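A short write-up of the structure that comes next.
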Amino acid sequence: MKAIAITPGTPGTHLVELQEPDIRTANDVKVRVLSVGICGTDRQEVGGGRADAPEGAQELVIGHEMLGRVIGIGSSVTRVAVGDHAVFTVRRGCGACASCRMQRSDMCQTGKYRERGIKGLDGYQTGFVVDRDEYVVRVPCELASIAVLTEPLSIVEKAIDTAQRVQIARAPEAAVAADWLAGRRALVAGLGPVGLLAAMALALRGAEVYGLDVVDAGSARPRWLEAIGGRYIDGRTVPAARVADVVAPMDLVVEAAGIARLEFNLLDALALNGICVLTSIPGGDRPLQIPGAEIVRRLVLGNQLLLGSVNAARGHFEMAVRDLAHAALRWPGHVAQLIHHTPIAGAARALANTETGMIKDVIDWSDA
């Protein structure tokens, strides 16, 4: 079978031929890959950035945002059946810390986890994949056209869920509210795929959603946001530091831009008792000067929080599937507009080009 691989640390991709995997244990699930999304992590890997091949190997099969159809299961598998659509999670635990033993490798305490297509394990840009039942999430067939978005959506599901749980623990009003986000102002900074999916998840929870970016208001991403009831803020005319004064203070900020300076400026947009969740990893290593004392004073005196969130557990993937189903009913056909399918023949170009003009590039493996 074909697969898209890289040599970690070396720019570029190449097609390789691999042996098709087989079911070997009672807990194995074999999936025929249908589509795999491309994200910033993939493009960093293709550019020679952070990536680790499996132990003893020189190459890494990339890809971690997948959708497939189950074509075989071991005798002990219960989560899926042959013919189901399904996704696999990304991270595999260290096996040593309490978090990983509790199936929460997204909160690994040792840093010795592995990740499919990123760190120490081959990914999903290939024809067939076998993994264990504990890592699979069933997807209703009705969501097949958009379920490749499950993994990126799971990232913001974890971020939003964590923010809500923290607020419930510390804020009296949140503790007694049916849904703390309902009617609250929420700002999403960075309207890439993750940011737009965050806006969608927040809108489904009843928040008053704003999106901040530096693109023209009439372009595809602001239009997609506005179609789900969000409001666009052009950061070129209303920078993050002025959002609270020009628009309104925000109870929740979800950062999805990957720009270090912006991440600190977003604190200016927070309301009293607000929380800002960072979900992206800034690139580069240039030093950044920030008004440290002022930031600390604001956080302390304003009861504000700055929270980092990475990866997601299987439960967050399940949340993502539910939200995709709700979104498909609420905005029929709209979520699919995020996705641009590319055949395998165009994969190298899509992976190397960060300026494709598409919101979400997805490699189509269904005809491989």
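Taking the criterion of being part of a loop (DSSP other than H, G, I, E, B) and touching a strand residue (DSSP E or B) at 6+ places or on another chain (Cβ under 7 Å), the residues of the stretch 49-73 that qualify are A51, A53, P54, E55, E59, I62, G63, H64. Taking the numbered list (1) aliphatic (A, V, I, L, M); (2) at pLDDT 95 or above; (3) under 20 Å from G308 (Cβ atoms) in turn, M200 passes all entries but (3).
Give the residues of the stretch 83-131 that are within 18 Å of S35 (Cα to Cα) and either more than 16 Å from the chain's Cα centre (by Cα) or open to solvent by 40 Å² or more (accessible area, probe 1.4 Å) (or both), sorted by residue number. Of everything in the stretch 83-131, those that are within 18 Å of S35 (Cα to Cα) and either more than 16 Å from the chain's Cα centre (by Cα) or open to solvent by 40 Å² or more (accessible area, probe 1.4 Å) (or both) turn out to be G83, D84, H85, A86, D122, Q125, T126, G127, F128, V129, V130, D131.
Pairs meeting the criteria (first residue in the stretch 9-28 and more than 30 Å from S75 (Cα to Cα), second residue in a loop (DSSP other than H, G, I, E, B) and among the hydroxyl-bearing types (S, T, Y), beta carbons under 9 Å, at least 6 apart or on different chains) are H14/T7. Summed over the stretch 220-239, the residues that are of a type in the set (D, E) and more than 19 Å from R184 (Cα to Cα) give a count of 1.
Entry remark, the stretch 153-200: residues being in contact with a strand residue (DSSP E or B) (Cβ under 6 Å, 6 or more places away or on another chain) and open to solvent by less than 10 Å² (accessible area, probe 1.4 Å) number 10 in total. Take the stretch 209-239 and flag every residue that is open to solvent by less than 10 Å² (accessible area, probe 1.4 Å), of a type in the set (A, V, I, L, M) and part of a helix (DSSP H, G or I). Scanning the stretch 209-239 gives a single hit, L225.
Per the conditions (1) under 27 Å from E318 (Cα atoms); (2) at pLDDT below 95; (3) not β-branched (V, I, T), the sole criterion not satisfied by F88 is (2).
It is to be established whether one or more residues within the stretch 249-257 are open to solvent by less than 40 Å² (accessible area, probe 1.4 Å), without any contact (Cβ under 8 Å) to a residue 60 or more places away in the chain and of a type outside the set (V, I, T). Scanning the stretch 249-257 turns up no residue that is open to solvent by less than 40 Å² (accessible area, probe 1.4 Å), without any contact (Cβ under 8 Å) to a residue 60 or more places away in the chain and of a type outside the set (V, I, T). Only residues that are part of a loop (DSSP other than H, G, I, E, B) and open to solvent by less than 30 Å² (accessible area, probe 1.4 Å) were counted in the stretch 13-48, giving 3. Restricting A163, A189 to residues that are touching a Gly at 6+ places or on another chain (Cβ under 9 Å), closer than 30 Å to A240 by Cα and of a type in the set (A, V, I, L, M) narrows the list to A189.
The values are calculated or read from the model by the stated rules, or taken from the named source; none is laboratory data. These numbers were taken from a predicted model, which means no experiment stands behind them. Please note: Cβ atoms are built from the backbone with ideal geometry, for glycine as well, and neighbour counts cover all protein chains shown. Accessible surface areas use protein heavy atoms only, side chains included; no ligands, DNA or RNA. Shrake-Rupley method; radii C 1.70, N 1.55, O 1.52, S 1.80 Å.
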